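**Student:** Have a look at the structure that comes next, please.
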Amino acid sequence: MDLTHQLELFPGCSVTLLLFSHVKNAAALRKKAVEGSIEGALINPAMIVDPFQILVAANKAVHLHKIGKMKTRTLYAEIIFSLSPNNNISDAFKKFGISDSDTAVLVVLVVDREKTVNLEDIASQVEGQQVSLDELPQLTDTAKVKKMYKVTPQEEKIGTLLDSIVCRMSTKDVL
Amino acid sequence: MAAAETEAGGLRSGMAGAAGPAVDEAGAGAGAGAGAAAAAPAVDEAGAAEEAEAPPPPLPGLQLVQQGAEARVYRGLFLGRAAVAKLRIPKRYRHPALEERLSRRRTAQEARSLLRCRRAGISAPVVYFVDYVTNSIYLEDIVGAITVQDHINSVQQSGNDTSSLLTLAEKMGELLARMHDEDLIHGDLTTSNILLRPPTEKLDLVLIDFGLSFISGLPEDKGVDLYVLEKAFLSTHPDTETMFKALLKTYAATSKKSGPVIKRLDEVRLRGRKRSMIG
């Protein structure tokens, strides 16, 4: 049901994605995330087109964490920030983090070799139904994504929406 | 990775130390003897430094594709996708501070140019990750693509229909016109830096290797860009003058600012080696 991927550049580090729909306690979850009492990044699935987008963000976040050059305070905040095409941290949280009225939540966990993943623990905190990541495309708001990432019409001809998004995410700090 | 870097750091400071006294003594005129003595240990360290270079990235299915002057190019799987990893080769003969700055600048320019291409609808690989510590860049691997160089060679060798080559030239002219209209100068235009996405017949071109690219609106820079391609073209592929003419024709037709560029190209041709500068 969930998706786990080992980060090739950081052996021992793996990223797990969990998708929940019909979530009732989004407000409470958001509060817990802000406090830092949840071991995971809570992301709005409407802004995600493919798990690869999350993997790219997580890879960058882990890289910056390892070299001590994160722009935010925690690894999970950094993942959310890496998803954003601009360098405004609070804007990133607003657009890519969950809001109180959301009914679907994407949870991202990063675990190092030593720590064990406690999926049940996270799942129990979410009052919703865990669904397969194959359902992610149904939850994506393509128009909103295109607007957020400012995808040009010429770009759509040479590649997928995911290509445009990933390119912006990975090159945002050089521009 | 960390171990290699500290080792490299240690070697660098060693070399800087050896170079220091050599420079001083050269200034004092006792250069030759002292220089040679200082150079010998420096050369040894350079030899040892070769082995202490950055190890290849731990990507599954990794294979070295090519080693150019600038970087080593590897193929492998990155985050579940076919990717190309370009690791810049540190040049030990450069001063370390200069080396770091240059390496970082080239990596940043490459990433910036690839994004600019994408935004303008010019086919270029997607950037997956840029590592500013090792100055390496992880890009989309266009599986099954061949370079235009290989394509032209195989078409010429098989003696097949060369009219398709003229269409290819036209497509190239169109692509370059669009790139130059974005004020993007490639800097290293050769037929091995343009790929053909499979199936080859579709003539779907992709530009790669933007390490020497920069932004400029000057017709001079665009003219030089085309001149570099012309030289590379004509020297690598015999009997392709008509091809290049077709390329320039389409370039002139597609680009809105081509007039001054073509004019500059003619002027640039008159410069260079074995050319008479008699006005």
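The values are calculated or read from the model by the stated rules, or taken from the named source; none is laboratory data. Keep in mind that this is a model prediction, so the values were computed, not measured. Cβ: placed from backbone, ideal geometry, glycine included. Neighbour counts: every protein chain shown.
**Student:** Conditions first: (1) part of a strand (DSSP E or B); (2) out of contact with any Asp or Glu (no Cβ under 8 Å at 6 or more places or on another chain); (3) more than 23 Å from B:D183 (Cβ to Cβ). B:S103 passes all but one, so which condition is the exception?
**Tutor:** Single failed check for B:S103: (1).
**Student:** Okay, next question. Which of the following residues is assigned to a helix (DSSP H, G or I), over 14 Å from the mean Cα position of the chain (by Cα) and of a type in the set (D, E): A:D100, A:D91?
**Tutor:** A:D91
**Student:** For the stretch B:122-150, which positions are among the small types (G, A, S) and within 11 Å of chain A (Cβ to nearest Cβ)?
**Tutor:** B:S123, B:A124, B:S136
**Student:** Quick test for you: out of B:D221, B:D188, B:D225, pick the one residue that is of a type in the set (D, E) and part of a loop (DSSP other than H, G, I, E, B).
**Tutor:** B:D188
**Student:** Condition first: without any contact (Cβ under 8 Å) to a residue 12 or more places away in the chain and either surrounded by 18 or more Cβ atoms within 10 Å (Cβ to Cβ) or in a helix (DSSP H, G or I) (or both). Now tell me which residues in the stretch A:29-38 satisfy that.
**Tutor:** Once the filter is applied, which keeps residues that are without any contact (Cβ under 8 Å) to a residue 12 or more places away in the chain and either surrounded by 18 or more Cβ atoms within 10 Å (Cβ to Cβ) or in a helix (DSSP H, G or I) (or both), the stretch A:29-38 yields A:K31, A:V34, A:E35.
**Student:** For the subset of the stretch A:5-18 comprising residues that are part of a strand (DSSP E or B), in contact (Cβ under 8 Å) with a residue 24 or more places away in the chain and not small (G, A, S), which member is nearest to A:L75 (Cα to Cα)?
**Tutor:** Within the stretch A:5-18, the match that is nearest to A:L75 (Cα to Cα) is A:V15.
**Student:** Here is a follow-up. Kindly check whether there is at least one residue in the stretch B:149-167 that is under 27 Å from B:S216 (Cβ atoms) and among the aliphatic types (A, V, I, L, M).
**Tutor:** no
**Student:** Follow-up. Any idea which of (1) β-branched (V, I, T); (2) within 11 Å of another protein chain (Cβ to nearest Cβ); (3) closer than 23 Å to A:A27 by Cβ is the one A:V131 doesn't satisfy?
**Tutor:** Evaluating A:V131 over (1) β-branched (V, I, T); (2) within 11 Å of another protein chain (Cβ to nearest Cβ); (3) closer than 23 Å to A:A27 by Cβ leaves (2) as the failure.
**Student:** If I ask for residues that are touching a strand residue (DSSP E or B) at 6+ places or on another chain (Cβ under 6 Å), crowded, with 22+ Cβ neighbours inside 10 Å and of a type in the set (F, W, Y), which ones from the stretch B:209-237 would you list?
**Tutor:** Once the filter is applied, which keeps residues that are touching a strand residue (DSSP E or B) at 6+ places or on another chain (Cβ under 6 Å), crowded, with 22+ Cβ neighbours inside 10 Å and of a type in the set (F, W, Y), the stretch B:209-237 yields nothing.
**Student:** A further question follows. Return the residues of the stretch B:76-98 that are within 14 Å of another protein chain (Cβ to nearest Cβ) and not aliphatic (A, V, I, L, M); say none if nothing qualifies.
**Tutor:** Within the stretch B:76-98, B:G76, B:F78, B:G80, B:R81, B:K86 meet the criteria.
**Student:** Those residues that are surrounded by fewer than 23 Cβ atoms within 10 Å (Cβ to Cβ) and farther than 21 Å from A:L162 by Cβ, I need them from the stretch A:79-104; list them, please.
**Tutor:** A:N87, A:N88, A:I89, A:S90, A:D91, A:F93, A:K94, A:S99, A:D100, A:S101, A:D102, A:T103
**Student:** Across the stretch A:63-81, what is the total count of residues that are in a helix (DSSP H, G or I) and within 11 Å of chain B (Cβ to nearest Cβ)?
**Tutor:** Number of matching residues: 3.
**Student:** Kindly evaluate A:V108 against the criterion of being closer than 28 Å to A:E35 by Cα, touching a strand residue (DSSP E or B) at 6+ places or on another chain (Cβ under 6 Å) and within 14 Å of chain B (Cβ to nearest Cβ).
**Tutor:** yes
**Student:** May I pose another question? Looking at (1) surrounded by fewer than 17 Cβ atoms within 10 Å (Cβ to Cβ); (2) closer than 24 Å to A:K66 by Cβ, which is the one condition that is false for B:F129?
**Tutor:** Every listed condition holds for B:F129 apart from (1).
One line per residue, one yes/no per condition, for (1) buried (at least 18 other Cβ atoms within 10 Å of the Cβ); (2) within 17 Å of the chain's Cα centre (by Cα); (3) within 14 Å of another protein chain (Cβ to nearest Cβ):
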site: A:A123; (1), (2), (3): no, yes, no
site: A:V126; (1), (2), (3): yes, yes, no
site: A:E135; (1), (2), (3): no, yes, no
site: A:D141; (1), (2), (3): no, yes, no
site: A:E155; (1), (2), (3): yes, no, yes
site: A:D173; (1), (2), (3): no, no, yes
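**Student:** Another one. Can you say whether B:M243 is more than 21 Å from B:A124 (Cα to Cα), assigned to a loop (DSSP other than H, G, I, E, B) and either at pLDDT 95 or above or of a type in the set (A, V, I, L, M, F, W, C) (or both), as far as the supplied structure shows?
**Tutor:** The answer is no for B:M243.
Conditions (1) closer than 19 Å to B:L207 by Cα; (2) crowded, with 19+ Cβ neighbours inside 10 Å; (3) small (G, A, S), marked per residue:
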| position | (1), (2), (3) |
| --- | --- |
| B:R81 | no, no, no |
| B:V84 | yes, yes, no |
| B:H95 | no, no, no |
| B:S136 | yes, yes, yes |
| B:H151 | yes, yes, no |
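**Student:** Here is a follow-up. Within the bounds of the stretch A:41-57, is there any residue that is out of contact with any His (no Cβ under 8 Å at 6 or more places or on another chain), part of a helix (DSSP H, G or I) and of a type in the set (G, A, S)?
**Tutor:** The answer is yes; a qualifying residue exists.
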